[in-house]
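Below: one structure, written as structure tokens.
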Amino acid sequence: MTTQAATTQSEALFSRARAVTPGGVNSPVRAFKSVGGVPRFIASAQGAYLTDVDGHRYVDYVGSWGPMILGHNHPAVREAIAGALLTGTSFGAPSPREVELAELVTELTGAERVRFVNSGTEATMSALRLARGVTGRKFIVKFRGNYHGHADGLLVEAGSGLLTNAEGQLGAAAPSSAGVPEEYASLTLVSEYNDPAALDRLMAERGHEIAAVIFEPVVGNAGVLIPTPAFLAALHRVKDAGVVLIADEVMTGFRLSLNGATGLLGLQPDLRCWGKIIGGGLPVGAYGGRADLMDFVSPQGPVYQAGTLSGNPLAMAAGLATLKELQANPGLYTQLETYTGQLAEGLKDSARAAGLPLTVNHIGSMLTAFFIGAPDIRTYTQAAPSDTKAFAAWFQGLLGRGVYWAPSQFESIFISAAHTDTELNATLEAAQAAFQEVNS
Ligand SMILES: *Cc1c(COP(=O)(O)O)cnc(C)c1O
């Protein structure tokens, strides 16, 4: 593969964008701040590939940060959206596809009720309001380095773009963002992921005041972190104190299995949040779970939550087509896992050959290659000392060779159904050259 140097068109667009949009992007990680260089402006996407405005083609491992599990511009999804388009784009009244998607989601996940919103952020925010409404309690618990969207009370020790922009440093002060009043942040208690004793202690002291514990059932937003069985057991114990257990499956839902991490790991959360894949590349989020809890949501119950564009017919059509495609191809999850496993082994081999320490965490179609030698990375605290400079150099080495990795050390990459041996081999070849380059 040749090195792709010219970024004239991306540079021109980035400069125009910066004049009219903060930082030139509409979501922070896209700015390439932690890896440097000019963010590539994308002209089109097809299957496993992105093509930028300078005409460079990349094997894509970002997958729009999760939704594109079928690959870009999948014909079934495209045709479903096109079909919906002919009948109007928004009604502000209930419509058939909302019922169909809700029925499919409840069938696949076992959730008894589901409410659609427009993003993962809205889903977690609404689920927490519901938990507070049901319990009459104020406090919530989240875990260090987990990300649940950008609602005020969740920007506390938060992962994803907040880690990226701070180059791996979590803010020592409670809110991870300016503009979040301490009073809001003080209602969010933070515990260490994969530390069952710390969670048990917190529950023993304050369980009676806590409305909900929200968690990423497999973390993707601090890089991939896999939960231990002991931690999962401690999470389920919080229910004994009347606490609502909320699994944030915005990333893992329909990705780790048809029933997400809940199905894969045998979890029993009270409520779940979805996003990303549930909208098939259009803006959809959802929350759902037990009927006795969900019946607190307006207009059935007293917890208010609404949305002008919620249940949008184009978005519902894209979500339905995506979930139906996944349901019709159950072997897909094994295919994705096989690719991911081979990618992990190949990366470990070529990093070792280049004399670089690397720890690869992966599960299903999610993977993070941490630039650190460690026997086991289970918490953000363990991942944080990763060599972000070496990662940035490796990222640029990949990009120049036509591989679009996630532009941050502390993110998961995503494999899609469109990734085949061709892409795997091209990726491993590029990765090997990039590792050699980093260590020279
Ligand atoms: C992406 C993500 C969110 C936020 O979803 P948006 O659609 O970006 O608002 C919340 N939780 C998790 C686990 C996520 O990965």
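The values are calculated or read from the model by the stated rules, or taken from the named source; none is laboratory data. Predicted, not measured: the structure shown is a model, and the values here were computed from it. Using ideal geometry, Cβ is built from the backbone for each residue, glycine included, and neighbour counts are taken over all protein chains shown. Protein only, heavy atoms only, side chains kept; ligands, DNA and RNA dropped before computing areas. Shrake-Rupley method; radii C 1.70, N 1.55, O 1.52, S 1.80 Å.
Cross-link reach is defined here as a Cα-Cα straight distance under 23 Å, omitting same-chain residues fewer than 8 places apart; for Lys389 the lysines meeting it are Lys33, Lys348. The amide H of Ile210, built 1.01 Å from its N in the peptide plane, has no neighbour under 5 Å, considering only residues 5 or more places off or on other chains. When you count the other C-beta atoms within 10 angstrom of each residue and take the mean per peptide, 219-229, 393-403, 41-51, 190-200 line up highest first as 219-229, 393-403, 190-200, 41-51. GNM remark for the chain: springs join alpha carbons under 10 Å apart, and the peak mean-square fluctuation among Gly159, Gly149, Gly83 falls on Gly83. Using the average count of surrounding beta-carbon atoms within 10 Å as a protection proxy, the listed peptides 123-131, 305-313, 360-368, 324-332 rank, highest first, as 123-131, 360-368, 305-313, 324-332.
A Cβ-based charge dipole, computed about the Cα centre of the chain with Lys and Arg at +1 and Asp and Glu at -1, lands at about 480 debye.
Using the alpha carbons alone, the radius of gyration of the range 23-169 stands to its Kirkwood radius in an Rg to Rh ratio of 1.01.
Think of the chain as having a plus end and a minus end, set by charges on the Cβ of Lys, Arg, Asp and Glu; of Val53, Thr340, Leu264, Val53 sits farthest toward the positive end of this dipole. Measuring nothing but protein heavy atoms, the accessible surface of the range 75-328 at 1.4 Å probe radius is 55 percent carbon and sulfur. With N as its number of residues, the range 75-328 has a Cα radius of gyration that, divided by 2.2 N^0.38 Å, comes to 0.99. Computed over the chain, the per-residue total of -39500 (n - 2.57) for DSSP H runs of n ≥ 4 gives a 222 nm mean residue ellipticity of -11500 deg cm²/dmol, rounded to 500.
Dividing the Cα radius of gyration of the range 267-388 by its Kirkwood radius returns 1.11 for Rg/Rh.
Accessible area ranking (1.4 Å probe, heavy atoms, ligands and nucleic acids excluded), largest first, for Lys142, Lys33: Lys33, Lys142. Val77: net charge of surrounding residues, Cβ under 14 Å, Lys/Arg +1, Asp/Glu -1, itself excluded? Result for the local shell: +2. Its Cα centre serving as origin, the range 244-358 has a Cβ charge dipole (Lys and Arg +1, Asp and Glu -1) of approximately 180 debye.
Multiplying the residue separation of Ser90 and Thr422 by 0.36 nm and removing their Cα-Cα distance gives an extension gain of 115.5 nm. Filter the chain for me: DSSP H helices, axial length by Cα at least 24 angstrom, mean Kyte-Doolittle hydropathy not below 0.5. List them by residue number. Within the chain not a single helix satisfies the rule. To the nearest 10, the accessible area of Leu108 is 20 Å² with a 1.4 Å probe. Counted over the range 346-440 with a bin width of 10 Å, the fraction of Cα pairs per bin, in whole percents, is 16, 53, 29, 2.
Sorting Glu183, Glu249 by accessible area puts them as Glu183, Glu249; the probe is 1.4 Å, largest comes first, and only protein heavy atoms count.
Each other residue within a Cβ distance under 10 Å of Pro217 adds +1 if Lys or Arg and -1 if Asp or Glu, for a net charge of -2. Within the chain, the ratio Rg/Rh, alpha carbon atoms throughout and Rh by Kirkwood, equals 0.95. Principal semi-axes of the equivalent ellipsoid, √(5λ) from the alpha carbon gyration tensor of the range 1-85, are 25, 17, 13 Å from largest down.
Have a look at Leu225, Thr124, Pro283 and report the one farthest towards the positive end of the charge dipole of the range 75-328, computed about the Cα centre with Cβ charges (Lys/Arg +1, Asp/Glu -1). The one lying farthest along the dipole's positive direction is Pro283. Taking a straight line from the alpha carbon of Lys324, these lysines sit under 16 Å away, with near neighbours fewer than eight places off in the same chain left out: Lys276. Tally Lys/Arg at +1 and Asp/Glu at -1 over every other residue whose Cβ is under 9 Å from the Cβ of Ser10; what's the total? Around Ser10, the surrounding residues sum to -2. Dividing the alpha-carbon radius of gyration of the range 47-107 by the rule-of-thumb value 2.2 N^0.38 Å gives 1.48.
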